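Laboratory data are not the source of any read-out in this text; all were calculated from the coordinates shown. Small disclaimer: the values here were computed from a predicted structure and weren't measured. For neighbour counting, all protein chains shown are included, and Cβ atoms are generated from backbone atoms with ideal geometry for every residue, glycine included.
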Amino acid sequence: MNTFDYSLSDVQAMPVTPVAPADFDFGRYQAYASAADQRYAAFLQKKEGVAVWQRVRVSEVFSDGCKDMQQSLHWQLGGLTKSMSYSTDAPAYLEPWYGIGVTASAFGSDYAWPVGQAPVVKPMYQSLADFPDLLSHDFKKVPIMKHILAMIEYFLEETKGRLPLSWTDIQNPLNVATELMDINNFFLALVDEPDKVQGLLAAIADVVINFSQEQTVLISDALAKPGHGFASSRTGYGIGMSCDNLLMISPRMYETLSIPVDARIGAHFGGTAIHSCGNWARWAPTVKKIENLVMVDGAFTPKTDPDYNQCETFRDVFVNSNVVVQARMVGDPDEVLEYVQRIWAPGMKLIVVTYVQDVQAQHQLYLDIHQLCK
């Protein structure tokens, strides 16, 4: 039955064996990535077309395994090794992932580490009046951000900068705000104190921009864009942000309060890429209004998300827009093809994210998707 499997902690993950840098085949990876980079760049330059990103998502990297940067790198190199067996139009890349509360840490939030899980951030403030002065920050003095910068330097040193590396998961200001302030009071403030909310979101956007720029300097030519959760490449553009709170407010409120800061962030990095979990089809026309929108991401099969998106809505909203729709599709090849057929139309720029573990089956699915979307 094509339903979401609630018994799994990560439905998009697959088993991987960790690999130490000394045992990683850099020559093989560079040949694989070079070919995928060329396909990715060619896809981005077209006004329509399809690309397939076979994602090897390592659950340990996005859970408690992120706490130890050496362990995280070994898991990720294992993922890169496995990814080279598949057919893909975008290479696997490294990511200095350290939980979703990184940006919130600039304002004083700290991590709690539940056993066997990724870190969580507990909001420090009850109301907007509780916030300290929202000034610029020295990221090297913020423990979590200091760790991220050290993680980037460690990854680069261990790999000699030969592998693509993205920014950490920075989240968009709307998400970060609920990591800082009691979520119920924050949503009330959206109605009662919208001007103050705008000030908070603008301050968060400044942190996102400045910290991402600092990471950009460190990563240099190895930077894979748009980053976390998106098919990415050194030939890519834009910056990816998760906006899961999109579903918690009206499209009109998102347009008024969040679009300006999301667009301002993207303007510094070649465009804005937006992800949300769940079914955000009703918000798609509003998200499309982001001036420099380059990519959107969502779940499009029952096995990917218990409340997945309607293919036809995203097709109709983004066809002939030059905005890339990245469609995550957990499922067997026949099911994936069914949903690709529903979302594809001439004029679409579509990335299909597949998670098929059998190498031969995935290779055939890759060919079938390209044949279907000719």
Task: Order by protection proxy (mean Cβ within 10 Å, highest first), peptides 154-167, 294-307, 9-22 - done: 294-307, 154-167, 9-22
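Given +1 on the Cβ of Lys and Arg, -1 on the Cβ of Asp and Glu, and no further charges, what dipole in debye does segment 21-372 carry about its Cα centre, rounded to the nearest 20? Write down the numbers at each step before the final one.
Values: 27 positive and 40 negative charges, 155 e Å.
Using Cβ point charges on Lys, Arg, Asp and Glu, segment 21-372 gives about 740 debye.
What ranking, highest mean first, results for peptides 331-338, 257-264 when packing means the other Cβ atoms within 10 Å averaged over each residue? All intermediate terms of the calculation are to be shown ahead of the outcome.
Details: 331-338: 16.8, 257-264: 21.2.
Ranked from most to least packed, the peptides come out as 257-264, 331-338.
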- [ ] Name the aspartates and glutamates eligible as straight-distance cross-link partners of Lys303: C-alpha to C-alpha under 15 Å, and not fewer than 8 places from it in the same chain.
- [x] Asp5, Asp10, Asp332, Asp334, Glu335, Glu338
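Taking 0.36 nm per residue of sequence separation and subtracting the Cα-Cα distance, how much length would be gained by fully extending the chain between Gln38 and Ala20, in nm to one decimal?
3.7 nm
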Open item on the list: Below 14 angstrom from the Cβ of Val50, what's the summed charge of the other residues (Lys, Arg +1; Asp, Glu -1)?
Closed with: +4
Open item on the list: Roughly how far apart, in whole Å, are the Cα centres of segment 9-67 and segment 87-130?
Closed with: 22
Task: Label-point gap, in nm, between Val115 and Lys67 - each point 7 angstrom along Cα→Cβ - done: 1.1
- [ ] For segment 246-255, take each phi angle, set θ = phi - 60°, evaluate the Karplus expression 6.51 cos²θ - 1.76 cosθ + 1.60, and give the result in whole Hz per residue in order, putting x for glycine and proline.
- [x] 3, 6, 8, 10, 6, x, 5, 5, 4, 4
TODO: Calculate the spin-label point distance for Thr313 paired with Asp138, positioning each point 7 Å from the Cα along the beta-carbon direction, and give it in nanometres.
DONE: 4.8
- [ ] Starting with the highest mean, order 84-91, 237-244 by the number of other Cβ atoms within 10 Å, averaged over the residues of each peptide.
- [x] 237-244, 84-91
TODO: Tell me the label-point distance for the pair Arg342, Leu188, using the 7 Å Cα-to-Cβ offset, in nm and rounded to one decimal.
DONE: 4.0
TODO: List every residue whose amide H lies under 5 Å from the amide H of Val353, counting only residues 5 or more places away in sequence or on a different chain, with H placed 1.01 Å from N in the peptide plane.
DONE: Trp53, Ala327, Arg328, Met329
TODO: Would you list the P(r) distribution for segment 335-374, with all Cα-Cα distances sorted into 10 Å bins from 0 and each bin expressed as a whole %?
DONE: 27, 60, 13, 0
Task: Signed unit charges on C-beta, dipole axis of segment 21-372, positive-most listed residue Met69, Thr81, Ile148 - done: Thr81
Open item on the list: Going 7 Å from the Cα of Ser127 along its beta-carbon direction, which residues of segment 190-215 have the amide nitrogen within less than 18 Å of the resulting point?
Closed with: 190-200
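Using Cα-Cα distances under 8 Å and only pairs 6 or more residues apart, what relative contact order does segment 21-372 have, in percent? All intermediate terms of the calculation are to be shown ahead of the outcome.
On the way: 669 pairs, mean separation 62.8, N = 352.
This gives 18 percent for segment 21-372.
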Task: Of Lys67/Lys146; Lys82/Lys374; Lys289/Lys349, pairs whose Cα-Cα distance is over 21 Å - done: Lys82/Lys374
Task: For segment 118-179, fraction of C-alpha pairs farther apart than 15 Å, in % - done: 68
Task: For the chain, radius of gyration divided by Kirkwood radius, i.e. Rg to Rh on alpha-carbons - done: 0.94
Task: Max mean-square fluctuation residue, GNM over the chain, Cα-Cα springs under 10 Å, options Met145, Met253, Met348 - done: Met253
